[in-house]
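Contents: one structure, followed by commentary.
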Amino acid sequence: MTEEIAPQDLVRDGYDHVADEYFSTRSETPESSALFQEFIGRLPPGASVLDAGCGAGTPIARMLSKSFDVTGVDISQEQINRARQLVPEATFLCQDMVDLTFPDSPFDGICSYYAIIHIPREEHPALLRSFHAMLKPGGFVLLCMGAGDLPGSVNEDWLGAPMYWSHYGAETNLKMIQECGFTVLSSELVSDNFTKPPATHLFVLAEKR
């Protein structure tokens, strides 16, 4: 039964299984486009950027790689295989982003779309602190977080496979981001374009203090 499977295994196996269906839902432009453009505008030329939970590399890693040195990580090997084909100019690694092994401070920016919400929310503070450690001084994050309180939930048939979600509400997330060493610059609530009914997510642009 899915409730006996570890969340990370549900997420990995789920995204491996629904690769075609999920790819068909992705827009050619990123959600929260204004914050994405602001994130890009704050990065130095040739910046090193991590796309955490990169999926198949589109549209985020593809757009970032036009101007920056991009590394994408994802827990799903199937998603990474697709990303390597679709965005050959970027570097992609199959890793769980809660266990990244990069040395401290290699990145000018980190972005994460629709990935943190698949990690048990009790692990979110440690993940944010690891992002903080991997950023250069004054680096930036663009994060997609939950907008509502959800301790942990499994949808048994999400695009054809079980999938796990867990997150805090928007106010708690904003406070948590600040407590983990970031200054929040902008935030926006955005409804996605691939769930029915549409789910609302909190997008946050923040700077490393």
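The values are calculated or read from the model by the stated rules, or taken from the named source; none is laboratory data. Here the structure is a predicted model, which means the values were calculated and not measured. Note that each Cβ is placed from the backbone with ideal geometry, even for glycine, and that neighbours are counted across all protein chains shown.
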Quick check on this structure: which one of ASP13, ASP104, ASP51, ASP20 is loosely packed, with under 13 Cβ neighbours inside 10 Å and either in a helix (DSSP H, G or I) or modelled with pLDDT of 95 or more (or both)? ASP20
Taking the condition of being within 20 Å of SER76 (Cβ to Cβ) and crowded, with 16+ Cβ neighbours inside 10 Å, how many residues in region 156-182 meet it? 9
Tell me whether region 183-206 contains one or more residues that are surrounded by 21 or more Cβ atoms within 10 Å (Cβ to Cβ), in contact with a Lys or Arg (Cβ under 7 Å, 6 or more places away or on another chain) and part of a strand (DSSP E or B). no
Is it the case that PRO44 is within 17 Å of LEU205 (Cα to Cα), part of a loop (DSSP other than H, G, I, E, B) and over 16 Å from the mean Cα position of the chain (by Cα)? yes
So is SER76 under 14 Å from TYR114 (Cα atoms), modelled with pLDDT under 95, of a type outside the set (Phe, Trp, Tyr) and buried (at least 22 other Cβ atoms within 10 Å of the Cβ) or not? no
Out of the residues in region 133-162 that are acidic (Asp, Glu) and under 24 Å from VAL18 (Cα atoms), state the one that is modelled with the highest pLDDT. GLU156
Take region 81-96 and flag every residue that is buried (at least 23 other Cβ atoms within 10 Å of the Cβ) and in a helix (DSSP H, G or I). ALA83
If I filter region 133-143 down to residues being in contact (Cβ under 8 Å) with a residue 60 or more places away in the chain and among the small types (Gly, Ala, Ser), which single residue comes out as surrounded by the fewest Cβ atoms within 10 Å (Cβ to Cβ)? GLY138
So is PRO30 in a loop (DSSP other than H, G, I, E, B), surrounded by fewer than 19 Cβ atoms within 10 Å (Cβ to Cβ) and touching a residue at least 24 places away in the same chain (Cβ under 8 Å) or not? no
Scanning for something in contact with a Lys or Arg (Cβ under 9 Å, 6 or more places away or on another chain) and under 21 Å from ASP9 (Cα atoms), does region 129-149 turn up at least one residue? yes
Is there any pair with a first residue in region 110-132 that is at pLDDT 95 or above and a second that is assigned to a strand (DSSP E or B) and polar (S, T, N, Q) whose Cβ atoms are under 6 Å apart and which are 6 or more apart or on different chains, and what are they? PRO120/SER166; ARG121/SER166
Given the condition touching a residue at least 40 places away in the same chain (Cβ under 8 Å) and surrounded by fewer than 17 Cβ atoms within 10 Å (Cβ to Cβ), answer yes or no: does some residue in region 144-155 qualify? yes
In region 134-163, residues that are within 24 Å of THR101 (Cα to Cα), of a type outside the set (A, V, I, L, M) and under 15 Å from the mean Cα position of the chain (by Cα) total 2
Check region 52-68 and report whether any residue there is over 17 Å from the mean Cα position of the chain (by Cα) and of a type outside the set (Lys, Arg). yes
